[in-house]
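Written out below as structure tokens is the structure these notes cover.
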Amino acid sequence: MARTTLEARDLWADIEALRQRRPLVHSITNVVVSNFNANVLLAAGASPVMTQAHEELADMVAIAQALVLNIGTLDAYAVEAMTIALRAANARAVPAVLDPVGAGATPYRNRTLAALLAAGRPTAIRGNASEIMSLAGEAVATRGVDSSAGAEAALAPARALAARTGAVVCVSGAVDHVVAADGRVLRLANGHEWMTRITGVGCSLTALVGAFCAVQPDAWRATAAATALMGVAGEIAAEQARARGAGVGTMAALLVDALQLVDEAGFLSRARIEHD
Amino acid sequence: MARTTLEARDLWADIEALRQRRPLVHSITNVVVSNFNANVLLAAGASPVMTQAHEELADMVAIAQALVLNIGTLDAYAVEAMTIALRAANARAVPAVLDPVGAGATPYRNRTLAALLAAGRPTAIRGNASEIMSLAGEAVATRGVDSSAGAEAALAPARALAARTGAVVCVSGAVDHVVAADGRVLRLANGHEWMTRITGVGCSLTALVGAFCAVQPDAWRATAAATALMGVAGEIAAEQARARGAGVGTMAALLVDALQLVDEAGFLSRARIEHD
Amino acid sequence: MARTTLEARDLWADIEALRQRRPLVHSITNVVVSNFNANVLLAAGASPVMTQAHEELADMVAIAQALVLNIGTLDAYAVEAMTIALRAANARAVPAVLDPVGAGATPYRNRTLAALLAAGRPTAIRGNASEIMSLAGEAVATRGVDSSAGAEAALAPARALAARTGAVVCVSGAVDHVVAADGRVLRLANGHEWMTRITGVGCSLTALVGAFCAVQPDAWRATAAATALMGVAGEIAAEQARARGAGVGTMAALLVDALQLVDEAGFLSRARIEHD
């Protein structure tokens with residue numbers, strides 16, 4: 001039976017499982033963040049592969065343990081690729097995670113997301129507050145790809161979106177909210193404001209959600225583990241960067257370091273988990 | 001009335017405005033530098049968004065405060081996207097900045113640039129000497145995407161190009177030249193040779209020109225502020241890297257750090273501005 | 001006459017030639033690694049240019065000193081671009097290097113590689129053991145883009161592939177194998193396991209093979225020089241990262257640093273070359 005509350009040591013067990021099992025994570029993601037996403041996945045222990053060639057999507061999904069879809073930079077070919085891959089993942093029970101980058105920013109993004117959700121069922125959806133509120137049907141003005149609302153404001157929309165789609169919904173913000181379709185809610189109070197000043201941190205968290213879904217069948221717990229790991233690593237990286245008078249450029253590399261090197265004691269002492 | 005001479009404290013005021021107002025900068029740029037460009041924009045205070053989906057270009061330009069076009073990696077879809085976006089930006093008086101990467105290297109690049117300049121009016125154009133000379137109609141052999149000429153040699157062609165297009169023209173080199181259509185010329189003697197050993201520094205300067213045009217209506221001054229900030233940050237990063245025995249890999253991260261962290265005293269003590 | 005054995009000082013001479021001659025290297029590579037590849041080429045002394053626009057491929061190949069093809073992220077347009085560029089390179093005797101990323105992972109990749117090898121002749125082919133074994137016709141299960149076999153197992157297939165194609169074949173692994181069509185084999189025992197945890201290190205080695213082929217006409221020796229340089233730089237970067245308690249994020253920047261800064265004494269003391 002799925003757990004209804006989680007402790008840091010549960011999430012640490014998932015981090016260790018990821019490091020040991022090294023699942024293959026197939027991403028169809030945007031060109032801006034693809035390199036950083038791949039390095040984040042490698043550092044955390046996963047094996048990334050990225051392709052959107054229609055000719056090989058079914059074959060790649062068939063050997064992958066998770067699929068990650070990110071709509072950051074779209075065109076008709078990529079949208080069709082995501083549709084094909086999502087259906088293939090659903091057919092094979094491969095977990096599929098969706099990042100609705102810029103939801104609400106343009107009608108085209110909203111139409112594309114509606115079509116994707118009509119075509120298949122994501123296991124988890126991760127976005128910032130604006131994106132989740134938009135995807136849940138709220139009238140919210142997303143400003144480009146950065147959030148214009150706080151995560152708290154997105155909790156009710158996230159619950160509605162989870163109930164409607166059956167997916168775990170993760171709202172990133174100063175406090176992250178992880179919402180299951182069955183009503184479970186977990187909050188994570190890790191991270192650092194500078195994480196929003198490095199492109200692709202949110203997208204890379206989505207990729208990590210995919211990686212954890214490959215090793216932890218409870219998608220709510222998997223999403224919590226990914227979010228906690230990214231938040232703890234971000235805290236460590238920001239502290240290290242600031243201690244040496246460095247900024248977000250150096251911090252980006254230290255974030256990857258921390259994803260690889262954080263140990264049990266460091267994780268357990270930092271992870272700040274709250275339940276409703 | 002537009003200023004005819006600028007001091008470092010004028011440019012610092014623009015840097016502070018950028019950090020406070022966080023304009024949304026829409027880039028259609030090449031796949032090689034998109035990640036670095038986004039991180040440069042975030043570090044300097046802007047909010048980057050990148051898309052070339054034709055379906056949403058007009059909507060994205062409508063919520064952006066600046067548009068940046070970079071022809072580094074082209075195909076027919078991207079060229080049409082740039083044309084649509086440039087026209088939309090002109091129609092809405094959104095400043096549009098053009099980076100003619102590799103101008104002169106192939107006839108295709110030259111044709112593409114001619115078509116873009118026929119389709120719309122960029123607010124500013126930034127390139128290295130070879131690129132600006134080629135775009136100005138000089139017979140110059142561009143070697144790939146790196147310059148084969150010094151910035152001084154491009155001053156007269158830059159003046160001609162500015163007069164013809166109405167755009168501010170910025171020629172990057174050991175000394176950067178910023179030329180307005182009305183004849184104003186400003187030189188900036190900051191930077192470090194290693195900046196040419198990091199891919200995307202020039203492209204990222206172009207992105208910064210867009211960001212500054214979003215907060216400073218005098219495009220000549222905005223271009224000078226962007227160029228000075230990048231030059232000063234490059235100097236700081238090179239000094240820090242060399243002081244620790246590091247090279248251009250470490251310097252790339254330190255450059256992003258410096259864009260974020262340079263303070264008033266540091267900027268004013270370093271900026272080297274000259275007028276004709 | 002081509003040398004049959006090589007010493008570290010031979011390879012160092014090629015490294016110095018690369019730094020002095022700065023050849024233009026035209027890459028058609030995957031979107032995940034294009035930024036890192038370009039920075040690796042710049043750090044080692046080459047001048048990178050990346051384009052797959054069909055309209056300019058022949059012109060770009062004509063001014064390049066080497067061509068690099070990487071099938072990491074494919075679509076029909078890119079495959080046609082690679083075919084056009086490979087033929088143009090062959091016609092002009094520009095060295096062309098192929099990275100068969102993910103060979104064996106899907107039938108589409110295998111078909112694409114077969115078509116490329118039917119369309120033209122690469123000067124060198126570099127991959128991990130799974131990829132080389134697959135390309136040589138072995139039935140091997142490639143898991144995404146990471147190898148599932150050791151380099152030793154790929155030696156006989158590499159010999160067969162080299163004999164069949166006429167290309168130098170480089171198998172990357174804990175020990176790298178460089179195999180010429182005439183039977184010469186050289187092994188390089190440099191590198192560090194963490195190099196597999198940074199995306200694009202293998203792809204960047206392939207790019208370096210192209211750069212060295214531009215300055216060293218014996219492709220076997222050029223491939224050895226590239227492999228030795230990357231291996232030595234990786235060792236240095238891993239040592240420096242670990243000495244400061246850092247991980248693979250920091251190491252990626254230090255690897256670029258080491259490619260730029262490694263000196264003769266450092267290279268000669270580290271390079272571990274073996275012949276059969």
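The values are calculated or read from the model by the stated rules, or taken from the named source; none is laboratory data. Small disclaimer: the values here were computed from a predicted structure and weren't measured. FYI the Cβ positions are ideal-geometry reconstructions off the backbone, even for glycines, and counts take in every protein chain you see. To get the accessible areas, we keep the full protein, side chains included, count just its heavy atoms, and leave off ligands, DNA and RNA. Shrake-Rupley method; radii C 1.70, N 1.55, O 1.52, S 1.80 Å.
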Problem set entry | Heavy-atom accessible surface of region A:8-275: percent carbon and sulfur, 1.4 Å | 51 percent
Exercise. Which percentage, to the nearest 5, of the DSSP beta bridges contained in the protein assembly as shown is antiparallel?
Worked result: 35 percent
Exercise. Shortest first and in nm to one decimal, what separations exist between residue C:121 and its copies in the other chains, measuring from label points 7 Å along the Cα-to-beta-carbon line?
Worked result: 5.7, 5.7
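Out of all DSSP beta bridges with both ends in region A:8-275, state the antiparallel percent to the nearest 5.
Values: 11 of 30 bridges.
Of all bridge pairs located within region A:8-275, approximately 35 percent are antiparallel.
So with the 1.4 Å probe, I'd like the accessible area per residue for chain A, rounded to whole Å². Before the final figure, lay out each step's value.
Details: 8760 Å² over 276 residues.
Heavy-atom accessible area per residue stands at 32 Å².
Hey, any idea what the orientation-averaged projected area of the convex hull of region B:66-219's Cα atoms comes to, in nm²? Provide the component values of the computation, followed by the final result.
Numbers: hull surface 32.4 nm².
The number I arrive at for region B:66-219 is 8.1 nm².
Round to the nearest 0.05 the FRET efficiency obtained for residue B:3 and residue B:139 when R0 = 25 Å and r is the Cβ-Cβ distance.
0.10
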Exercise. Taking only the alpha carbons of the protein assembly as shown, what extent do you get along each of the three principal axes, in Å, biggest first?
Worked result: 76, 71, 45
Exercise. Based on the alpha carbon coordinates of region C:1-58, what radius of gyration and maximum Cα-Cα distance (Dmax) apply, in Å?
Worked result: 14.7, 43
Problem set entry | Given charges at Cβ of Lys, Arg, Asp, Glu: region C:142-276 dipole, positive-most of C:151, C:251, C:190 | C:151
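Can you list, largest first and rounded to whole Å, the semi-axes you get for chain B by taking the square root of 5 times each eigenvalue of its Cα gyration tensor?
Sorted largest first and rounded, they come to 25, 20, 19 Å.
Using a 1.4 angstrom probe on the protein heavy atoms only, could you order A:21, B:221, B:270 from most to least accessible area? Could the numbers behind the result be given before it?
Details: A:21 140, B:221 35, B:270 55 Å².
Heavy-atom accessible area, descending, gives A:21, B:270, B:221.
May I ask you to compute the full-extension gain from residue A:156 to residue A:54, defined as 0.36 nm times their residue separation minus their alpha-carbon distance, rounded to one decimal in nm?
Working: separation 102, 0.36 × 102 = 36.72 nm, distance 3.69 nm.
Extra length from residue A:156 to residue A:54 when fully extended: 33.0 nm.
Rounded if a/c is under 1.5, else prolate if a/b is larger than b/c, else oblate: which is region B:151-222, with a ≥ b ≥ c the root eigenvalues of its Cα gyration tensor?
On the way: a/c = 2.00, a/b = 1.25, b/c = 1.60.
Since a/c reaches 1.5 but b/c is at least a/b, the shape of region B:151-222 is classed as oblate.
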Seminar exercise, completed: Interface call, region C:195-227: threshold 20 Å², probe 1.4 Å, accessible heavy-atom surface of protein chains, chain by itself vs complex, result C:197, C:199
Seminar exercise, completed: Everything considered on the Cα gyration tensor (a ≥ b ≥ c; rounded for a/c under 1.5, else prolate if a/b is larger than b/c, else oblate), region A:173-276 must be described as prolate
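Give me the net charge for the shell around residue B:189: Cβ to Cβ below 9 angstrom, other residues only, Lys and Arg +1, Asp and Glu -1. All intermediate terms of the calculation are to be shown ahead of the outcome.
Details: positive: B:187, B:272; negative: B:176, B:274.
The answer is 0.
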For this session: Evaluate the charge dipole of chain A about its Cα centre and quote only its size in Debye, nearest 20, assuming +1 on the Cβ of each Lys and Arg and -1 on the Cβ of each Asp and Glu.
Result: 200 debye
Exercise. To the nearest 100 Å², how much accessible surface do chains A and B hide from each other in total, with a 1.4 Å probe?
Worked result: 2300 Å²
Exercise. Once the Cβ-Cβ distance between residue B:76 and residue A:63 is put in as r, and R0 is 25 Å, what FRET efficiency do you end up with, to the nearest 0.05?
Worked result: 0.15
For this session: Ignoring everything but the protein chains, give the 1.4 Å probe accessible area of residue C:5 in square angstrom, nearest 10.
Result: 70 Å²
